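First comes the structure, then the notes that go with it.
The values are calculated or read from the model by the stated rules, or taken from the named source; none is laboratory data. Source: prediction; values computed, not measured. Neighbour counts are summed over all protein chains in view; Cβ atoms, including those assigned to glycine, are modelled from backbone coordinates with ideal geometry. These area figures cover heavy atoms from the full protein model, side chains too; ligands, DNA and RNA do not enter into them. Shrake-Rupley method; radii C 1.70, N 1.55, O 1.52, S 1.80 Å.
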Amino acid sequence: MVFGLSRKKQIDEYEAEGEVERIYHEIRQTFRVSGINLIFRTWARYDKFFLVLWNSIRPNAGTRLFEDAADSVRAQAVLRAGRLDRLRVPANVSLGESQAYQLKAALDLYHYINPKLLVMASAVRLSLTGGRVRETIEGAKFLEMIERGVPEKMYPMEMISEDPKEERINELFADIRQVLNLPSINSDYRTLALWPDYLIEAWKRLRPMIGRQDYVEAAEEVRQVARDSAGRLPYPVISREQLEELGEDAGEITQITEKFEDILAPLIINIALFQLDWHDRRQLVLSPFPAAAR
């Protein structure tokens, strides 16, 4: 799948200027995340859409309701991943103590942020396809808001290039793209490639599971939890009519958003499977970075 050949594939953080740079800063503060994920970098290519989109997402993303919705998605993913086969990657890879510590911190980062991205993608997809366009719910101004800012112990969202020089990683990314039908490699895999032996072994063990009936059903259940939660967010998200008034390509943006909703659900399952190699299930259903009220 190729979107918008006339545009850049994405706007990386170091390339961001003006309004995009400002919104990236607000995303890190509001979503409480140490970097900008692929979905935002891709949406940012459509500058008029991106500004209006962010102005509609931001009020939702700062609420306890949104944080709780993401927590529900994460808990469901852990529950369903726990019924799948264990990958047992660490037992087959040599990692030093420091490497293992950093790797687990990187997994915590994506275990936290991906459910939030899926709820958001579901809300945008729902609104762009006419599934939910309504006024701000009554009493929304009294909703609890959560603290802003990147959690102190969150791993920085560092990642390698999507076109790595190391041949074995290049081949690995090509296989991941092909098997998962990805237009671009997600931030998660690019971060985990900082420990190439780990990612190669993890993918080798995960790959046969993808497409299996129990795996597909697990991802679908996670996606449904996100969709149900998205329909209960307190503030309206950008509509199809607003998008068309901006003169942006509504069809292409809707298609991209649907693709991300499809990608994120199995990705959340994958991260939960990786996490289960290191942590107890009861620990993983809890947010790795609980948010205090503000």
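Show the residue pairs meeting these rules: Cβ distance below 7 Å; 6+ apart or different chains; first residue within the stretch 228-257 and farther than 27 Å from L182 by Cα; second residue among the hydroxyl-bearing types (S, T, Y) and part of a loop (DSSP other than H, G, I, E, B). Once the first residue is farther than 27 Å from L182 by Cα and sits in the stretch 228-257, its partners that are among the hydroxyl-bearing types (S, T, Y) and part of a loop (DSSP other than H, G, I, E, B) give P234/T136; Y235/T136; P236/T136. Given the options E221, E244, E258, E217, name the one that is open to solvent by 30 Å² or more (accessible area, probe 1.4 Å), at pLDDT below 95 and either closer than 30 Å to N92 by Cβ or part of a helix (DSSP H, G or I) (or both). When all the criteria are applied, what remains is E244. Which of the residues spanning the stretch 36-58 are touching a Phe, Trp or Tyr at 6+ places or on another chain (Cβ under 9 Å) and either assigned to a loop (DSSP other than H, G, I, E, B) or of a type in the set (D, E) (or both)? Within the stretch 36-58, I36, N37, A44, R45 qualify.
Restrict the check to the stretch 45-61 and report whether at least one residue is of a type in the set (S, T, Y) and buried (at least 22 other Cβ atoms within 10 Å of the Cβ). Looking through the stretch 45-61, none of the residues is of a type in the set (S, T, Y) and buried (at least 22 other Cβ atoms within 10 Å of the Cβ). Report yes if G149 is in contact with a helix residue (DSSP H, G or I) (Cβ under 7 Å, 6 or more places away or on another chain) and small (G, A, S), otherwise no. Yes: the conditions hold for G149. Among residues of the stretch 168-195 being of a type in the set (S, T, Y) and assigned to a helix (DSSP H, G or I), the one that is farthest from T257 (Cα to Cα) is T191. Would you call S287 under 27 Å from S184 (Cα atoms), hydroxyl-bearing (S, T, Y) and surrounded by fewer than 22 Cβ atoms within 10 Å (Cβ to Cβ)? So S287 does not fit the description; no.
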